[in-house]
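Data first, discussion second: the structure below is written as structure tokens.
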Amino acid sequence: MSILKIEQEGDTMEHCSAISYGESDWHCDNEAEFTQWVKATQKSLVRFCRQIVNNWAEAEDMAQEAYIRAWQKRSSFKGESSLLTWQMAIARRVCLDYLRSSKRNLLLLDKQDITSIIDIDTKIDVQNALAKLKADDRIILYLRTGEELPFEEIAMVLGKNPAACRKRYERAKQKFEAAYSGMEG
């Protein structure tokens with residue numbers, strides 16, 4: 001995927017300070033530094049989008065749209081979370097909007113994402129169990145287990161409080177375990 005070139009409606013990027021992977025003090029109007037940040041976070045954001053849309057090409061498109069929206073809304077970043085968390089929240093909305101508009105079926109993992117140790121039948125069972133979960137359950141499972149985010153960061157992505165995210169994660173885990181155990185029998 002090529003690096004996002006941001007040229008939206010005459011926006012000029014003049015100065016940017018304190019930009020980094022997880023920086024919460026972000027004031028960016030510099031295209032070169034924003035592009036550098038995109039390069040640093042792009043793989044992670046595409047993987048995150050991939051977990052929602054279940055297609056690498058669409059995930060790349062969703063990530064690019066999320067970066068464009070982040071650039072357009074850069075003045076709304078308040079530093080209450082890390083920049084990456086803010087970006088993931090934007091990406092989540094972009095992906096869910098896309099899914100609602102296309103009414104696509106979601107899966108969290110595909111065969112290549114699950115370790116090769118697991119046999120093919122188990123992989124299919126895991127995929128089928130995940131497919132039975134709601135999108136929000138798959139998202140929270142991915143954020144906690146795939147991205148290993150703390151509940152405070154997950155709360156920022158989902159727009160919830162950390163305690164609610166802990167509870168939602170536990171419920172999602174139980175739903176997955178129930179769906180998966182139903183596959184084995």
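Give me the pairs, please: first residue somewhere in segment 52-68 and assigned by TED's automatic domain parsing to the domain that holds CYS95 and farther than 16 Å from TYR142 by Cα, second residue anywhere and in a helix (DSSP H, G or I) and β-branched (Val, Ile, Thr), beta-carbon distance under 7 Å, and either six or more positions apart or on two chains. Between residues of segment 52-68 that are assigned by TED's automatic domain parsing to the domain that holds CYS95 and farther than 16 Å from TYR142 by Cα and residues that are in a helix (DSSP H, G or I) and β-branched (Val, Ile, Thr), the close pairs are GLU60/VAL46; MET62/VAL53; MET62/VAL94; ALA63/VAL46; GLU65/VAL94; ALA66/ILE90; ALA66/VAL94; TYR67/VAL38.
Among residues of segment 71-90 being farther than 13 Å from GLN42 by Cα and free of Cβ contacts under 8 Å to residues at least 60 places away in the same chain, the one that is surrounded by the most Cβ atoms within 10 Å (Cβ to Cβ) is ILE90. Of the residues making up segment 126-157, those that are in contact with a helix residue (DSSP H, G or I) (Cβ under 8 Å, 6 or more places away or on another chain), surrounded by fewer than 19 Cβ atoms within 10 Å (Cβ to Cβ) and under 18 Å from CYS95 (Cβ atoms) number 4. Restricting attention to segment 71-93 and to residues that are small (Gly, Ala, Ser) and modelled with pLDDT of 90 or more, the residue that is nearest to PRO162 (Cα to Cα) turns out to be ALA89. Screening LEU130 against (1) assigned by TED's automatic domain parsing to the domain that holds PRO162; (2) modelled with pLDDT of 90 or more leaves a single unmet condition, (2). On inspection, ARG166 fails the criterion of being within 21 Å of LEU84 (Cα to Cα), modelled with pLDDT under 90 and basic (Lys, Arg).
The values are calculated or read from the model by the stated rules, or taken from the named source; none is laboratory data. Keep in mind that this is a model prediction, so the values were computed, not measured. A quick note on method: Cβ atoms are made from the backbone with ideal geometry, for glycine too, and the neighbour counts reach across all protein chains shown.
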